[in-house]
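The structure under discussion appears below in the form of structure tokens.
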Amino acid sequence: MLDQTSSAADAQPTGQKPSKPGMTLTDRAYEQLEEMIVTLQLPPGEVLSESALTQSLGIGRTPIREALHRLALEGLVVVLPRRGILVSEVNVRSQLELLRVRREIERLMVRLAAQRATKAERAQFQHIADEMDVSADNDADVEFMRLDQEFNRLIAHTCRNEYARKTMGLMQGLARRFWYHHYKEALDLPRAARLHAAVARAIAAGDTESGASASDALIDYIEDFARATLESDSVNRI
């Protein structure tokens, strides 16, 4: 692979997040592009140019190409031979099919995390649960988003199963983009935060059965949220 580890001396494009120590240029390109797609800065249907992305991100063409390949594997971009690279569309029905898979993988990861988390990690889950309750009380969307990302990363680490972690990683970009695209029209944020808190609290207590049940309850709500956006879209087209 032609990638190189970015150094602290690398110039950071205006408005871009600073790179983490040891992060490769491909990782940096992937992280920035994934965030731009998930937050709709690069909207569905947008045609992407490797040369334009190289200039805007200040990263070489090879890392950009490799990052786009990763994004294609995750379904966030579509490579069309002789036509270019497109940001994929947001599709409610596809999201519901994705949730069928996510339900099973997430339940497994929660069970494993409840079994395998260390004492320090359990304290982290308890802290997240408490902060999720605060965000629910305050209806704080930005804080909820931050906690949700921290929660997902902690489960991925504490389940200590690389196959489950990698499988979930392939779905999270699409899930996050769908949420970002629709949350203002259909999300009951306090309810979502409290459902997340229930999962985190069960893992903190080492309760695998309560964790599995809480995980299913969370996915039940996310499915309801996805169906509500489908209904909302149908009304808007009338």
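Quick notes
- Surface per residue (accessible, 1.4 Å probe) for region 80-238, Å²: 52
- For region 118-202, the square roots a ≥ b ≥ c of the C-alpha gyration tensor eigenvalues yield an a/c of 1.5 or more together with a/b not exceeding b/c, which makes the shape oblate.
- Of all accessible heavy-atom area on the chain, the percent that carbon and sulfur account for (1.4 Å): 52
- Dipole of region 88-238, positive end: most advanced residue of Gly169, Ala140, Phe225 [Cβ charges, Cα centre]: Gly169
- Cut-off 11 Å between beta-carbons: net charge of the residues surrounding Arg177, Lys and Arg +1, Asp and Glu -1: -3
- Between 0 and 90°, nearest 10: helix 208-237 axis offset from the chain longest Cα axis: 60
- For the chain, built as a Gaussian network whose Cα springs stay under 10 Å, the top-fluctuating residue of Ala197, Ala156, Ala140: Ala140
- Compared with the dominant principal axis of the Cα atoms in the chain, helix 162-186 is inclined by about 90°.
- Highest-fluctuation residue, Leu80, Leu68, Leu154 considered, GNM on the chain with Cα pairs under 10 Å: Leu80
The values are calculated or read from the model by the stated rules, or taken from the named source; none is laboratory data. Note that the structure is a prediction, hence the values are computed from the model and not measured. So basically every Cβ, Gly included, is an ideal-geometry build from the backbone, and we count neighbours across all protein chains shown. Ligands, DNA and RNA are stripped out before the accessible areas are found, and what is left, the full protein with its side chains, is counted by its heavy atoms. Shrake-Rupley method; radii C 1.70, N 1.55, O 1.52, S 1.80 Å.
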